[in-house]
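What follows is one structure encoded as structure tokens, with my remarks underneath.
The values are calculated or read from the model by the stated rules, or taken from the named source; none is laboratory data. Since this is a predicted model, take the numbers as computed values, not measurements. Cβ: placed from backbone, ideal geometry, glycine included. Neighbour counts: every protein chain shown.
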Amino acid sequence: MEKLYMLHGFMGTARTHFQHQISYFEDRYELIILDLPGHGDSIIEASDNYIDHTLQSLYSMMNEKGEGYILGLSLGASLAIHIALQKPKLVKGVILTGYSPYIPQELEEVMEKQNDYLLHLEENDIEIAQHFIQLHGDKWKETIQKVIHTMTYNYPGVTKEELQSLKVPVLTLNGSLDCHEVGSVAYIKNSNPDIEVGLIPNAGHTANMDEPDIFNSTVQRFLDRIGQSL
């Protein structure tokens with residue numbers, strides 16, 4: 001079986017963010033289901049240099065387990081595209097969702113406010129804080145501090161030139177409800193016409209969770225096309 005690595009989003013886990021994809025793809029692929037550093041059952045703590053340290057961990061794992069496809073959501077999508085750029089021989093294809101290669105200027109202030117909100121989450125929303133404790137244990141605060149600072153002030157963006165240099169098949173599949181994610185899809189397609197893109201109606205940042213049937217069938221068709229060309 002071909003391998004399918006699943007890289008979840010910020011403050012989620014593989015099984016909470018990819019529940020619908022696991023049940024759909026588990027009989028078709030060898031699923032590599034993992035929690036990113038600082039999340040869920042991961043024994044690796046979040047670090048200040050979160051993106052680089054996480055990428056190094058993922059490279060080691062993929063070198064050991066072998067090449068495969070990568071499905072990345074949000075934070076996981078940022079990691080996935082950097083793996084494709086830096087280690088293309090490990091990657092047969094990439095599916096990105098909830099992804100933008102840059103932070104639009106109009107969202108910078110929103111991101112900064114979100115950063116402050118999450119740093120004081122116990123005061124702002126105790127229910128979500130308790131949910132994070134259940135998912136991640138005592139490490140949840142440190143994970144928020146390390147990751148949200150990186151994503152707010154050192155976003156792992158990708159340039160137009162880097163998008164043009166991609167050597168592996170890529171599908172970017174965002175939801176249609178958020179204007180910046182619609183704009184991201186257009187930017188990616190304009191940068192590299194070979195990248196497949198799509199928008200899922202009535203879906204937001206987590207299109208794979210909002211409209212799983214459409215998402216899964218679209219991803220399967222993409223993977224089938226790649227498989228036929230390899």
(request) With respect to residue 31, determine if the residue is crowded, with 16+ Cβ neighbours inside 10 Å and either more than 16 Å from residue 220 (Cα to Cα) or within 14 Å of the chain's Cα centre (by Cα) (or both). (result) no
(request) Give the stretch 156-166 a look and list any residue that's closer than 14 Å to residue 79 by Cβ and surrounded by fewer than 16 Cβ atoms within 10 Å (Cβ to Cβ), or say none. (result) 157
(request) Could you grab me the full set of residues in the stretch 58-92 that are within 22 Å of residue 103 (Cα to Cα) and either surrounded by fewer than 17 Cβ atoms within 10 Å (Cβ to Cβ) or not small (Gly, Ala, Ser) (or both)? (result) 71, 73, 75, 79, 81, 82, 83, 85, 86
(request) For the stretch 14-25, state whether one or more residues are outside any helix (DSSP H, G or I), surrounded by 16 or more Cβ atoms within 10 Å (Cβ to Cβ), among the aromatic types (Phe, Trp, Tyr) and modelled with pLDDT of 95 or more. (result) yes
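Within the stretch 46-84, can you find the residues that are of a type outside the set (A, V, I, L, M, F, W, C), outside any helix (DSSP H, G or I) and modelled with pLDDT of 95 or more? Quick ask: steps written out before the conclusion?
Quick first cut of the stretch 46-84, residues of a type outside the set (A, V, I, L, M, F, W, C) only: 47-50, 52-54, 56-57, 59-60, 63-69, 72, 74, 76, 78, 82.
Imposing the further condition that a residue be outside any helix (DSSP H, G or I) reduces the set to 47-49, 66-69, 72, 74.
Scanning the stretch 46-84 gives 66, 67, 68, 69, 72, 74.
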(request) Report whether or not residue 55 is surrounded by fewer than 20 Cβ atoms within 10 Å (Cβ to Cβ), more than 18 Å from residue 220 (Cα to Cα), touching a residue at least 40 places away in the same chain (Cβ under 8 Å) and out of contact with any strand residue (DSSP E or B) (no Cβ under 9 Å at 6 or more places or on another chain). (result) no
